[in-house]
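S.K.: Quick one: the structure is below, questions incoming.
The values are calculated or read from the model by the stated rules, or taken from the named source; none is laboratory data. Note that this is a predicted model, so its numbers are computed, not measured. Glycine also receives a Cβ, built like all others from the backbone with ideal geometry; neighbour counts cover every protein chain displayed.
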Amino acid sequence: MNLMLITRKVDSNDDNVSFVIDWIREFSKQIEGGKLVVICQEKGEVPDFPDHVEVHSFGKERGFGRWRQFTTLTKHVYKNIRKVDAVFCHMIPHYSVVAGPWCFIFRKPLLQWYMHKSVNWILKLSSLFVDGYVTASRESFRMPTRRPVYIFGHGISTEKFDDADGRVWIKNNVVKLLTVGRVSPIKNVDKIVEAVKLLREKDYKVELDVVGGPGMPSQQSYYNDIKTYIDENDLKPLVRLHGSIPHDELAAYYLDSDICINLSETGSLDKVTLEAMLMKRLVVTSNDAFAYVVPPMMYLEEADAHRLAHRIEELLRLNKNNIAAYRTDLREIVLNQHSLPRLILKILTQFKKIAGRV
């Protein structure tokens, strides 16, 4: 199969989207000797891909404005549409709106990946062009549509986030907490920091690593408020703000943690929680997309510092056998439902079904 993949950014140095590199590599493995044409809005550091993979940009990194990006994307789609068997648009539905008419003219199946609870007009417009939507869970796609919605699970790299039995649970009597992702109000990082303060007041020895920086300039004030809270409450010895780090380096942080916390309100299956589960870390999340994914004692119905602190206390009261069983079960959930090889296989198989090959 020859495939066109349209995505936002290809850059191994961008901590937010460098996972796209893993997707490209997995697609390139599974397209059965075909060609993979990647068209991205922005191109940064691109690793050495196999010869059958080519990467084109529609120019954001070169300072192109919206109109020139649109025309450049259209040019790349038109130039390559006859060379491919299918088109997969990743994350942003604008790409399906641009590529859709060409897919219709040349009779190429088009699928759109979407992972967010928000529904906007451009997503609604994309339904005129796509043959279906691909998402990770029912909660991750909330738009009523007559188009098929394929719930295929998430795509977590089983190579990058391998089994992590090596770390002793609660090493040196210090509970290592971890949260990963953009430091923004929707992630409720301030409440995680407050929970550390509450646990300290109860004489628990806890430390928190915060991996990630403000996602946008407008979120810098929120990040600064957290730093001020840490200083005013004498939490510097307990809370470390690491800022943004490359995706390839995340595994070491998961490995060094006992419990990974995610209080995101995005309403979609957050990949960092799944990555932690794959590495056998216990998790606590208030993201409603995980309500029926993780065990009940690892899910919070509300992002609240006091409830979070109480839930961490409950996890710390588990015996070693329960902890070992939970860690194994969490890993199996990701392996069986959210691994990247499984997801890519399902996407390619669906394209073949649409094309009438299966």
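S.K.: Do you know which residues across the range 201-220 are of a type outside the set (Asp, Glu), outside any loop (DSSP other than H, G, I, E, B) and out of contact with any His (no Cβ under 7 Å at 6 or more places or on another chain)?
M.R.: Selection gives VAL206, LEU208, GLY212, PRO217, SER218, GLN219, GLN220.
S.K.: Which helices (runs of 4 or more DSSP H) does the range 8-109 wholly contain that include 3 or more residues that are within 26 Å of LEU345 (Cβ to Cβ) and not assigned by TED's automatic domain parsing to the domain that holds LYS271?
M.R.: 19-30, 94-105
S.K.: I'd like to know if the range 221-237 contains one or more residues that are part of a loop (DSSP other than H, G, I, E, B) and within 23 Å of the chain's Cα centre (by Cα).
M.R.: No, that holds for no residue.
S.K.: Identify, by number, the condition in (1) under 25 Å from ARG182 (Cβ atoms); (2) out of contact with any Lys or Arg (no Cβ under 9 Å at 6 or more places or on another chain); (3) surrounded by 19 or more Cβ atoms within 10 Å (Cβ to Cβ) that GLU45 doesn't meet.
M.R.: (3)
S.K.: Turning to a different aspect of this structure: Out of all the residues in the range 48-70, which are buried (at least 18 other Cβ atoms within 10 Å of the Cβ), farther than 17 Å from VAL20 by Cα and of a type in the set (Gly, Ala, Ser)?
M.R.: Of everything in the range 48-70, just one residue is buried (at least 18 other Cβ atoms within 10 Å of the Cβ), farther than 17 Å from VAL20 by Cα and of a type in the set (Gly, Ala, Ser), namely GLY59.
S.K.: Can you name the residue in the range 118-133 that is closer than 21 Å to GLY153 by Cα and not polar (S, T, N, Q) and is also modelled with the lowest pLDDT among such residues?
M.R.: VAL119
S.K.: All but one of (1) touching a residue at least 24 places away in the same chain (Cβ under 8 Å); (2) closer than 29 Å to ARG331 by Cα; (3) surrounded by fewer than 17 Cβ atoms within 10 Å (Cβ to Cβ) hold for ASN233; state the number of the condition that does not hold.
M.R.: (2)
S.K.: Out of all the residues in the range 263-274, is one or more of a type outside the set (Phe, Trp, Tyr), in contact with a Cys (Cβ under 8 Å, 6 or more places away or on another chain) and either buried (at least 21 other Cβ atoms within 10 Å of the Cβ) or assigned by TED's automatic domain parsing to the domain that holds SER184 (or both)?
M.R.: Among the residues of the range 263-274, at least one is of a type outside the set (Phe, Trp, Tyr), in contact with a Cys (Cβ under 8 Å, 6 or more places away or on another chain) and either buried (at least 21 other Cβ atoms within 10 Å of the Cβ) or assigned by TED's automatic domain parsing to the domain that holds SER184 (or both), which makes the answer yes.
S.K.: Scan the range 196-216 and give yes if some residue there is hydroxyl-bearing (Ser, Thr, Tyr) and touching a helix residue (DSSP H, G or I) at 6+ places or on another chain (Cβ under 6 Å), otherwise no.
M.R.: no
S.K.: Residue by residue through the range 325-356, note down the ones that are of a type outside the set (A, V, I, L, M, F, W, C), assigned to a helix (DSSP H, G or I) and farther than 23 Å from TYR292 by Cβ.
M.R.: PRO341, THR349, GLN350, LYS352, LYS353 - these are the residues of the range 325-356 that are of a type outside the set (A, V, I, L, M, F, W, C), assigned to a helix (DSSP H, G or I) and farther than 23 Å from TYR292 by Cβ.
S.K.: Right, next: Count, please, the residues in the range 79-95 that happen to be buried (at least 18 other Cβ atoms within 10 Å of the Cβ) and free of Cβ contacts under 8 Å to residues at least 60 places away in the same chain.
M.R.: Of the residues in the range 79-95, 2 are buried (at least 18 other Cβ atoms within 10 Å of the Cβ) and free of Cβ contacts under 8 Å to residues at least 60 places away in the same chain.
S.K.: Turning to a different aspect of this structure: Looking at (1) at positive phi; (2) assigned to a loop (DSSP other than H, G, I, E, B), which is the only condition TRP169 fails?
M.R.: (1)
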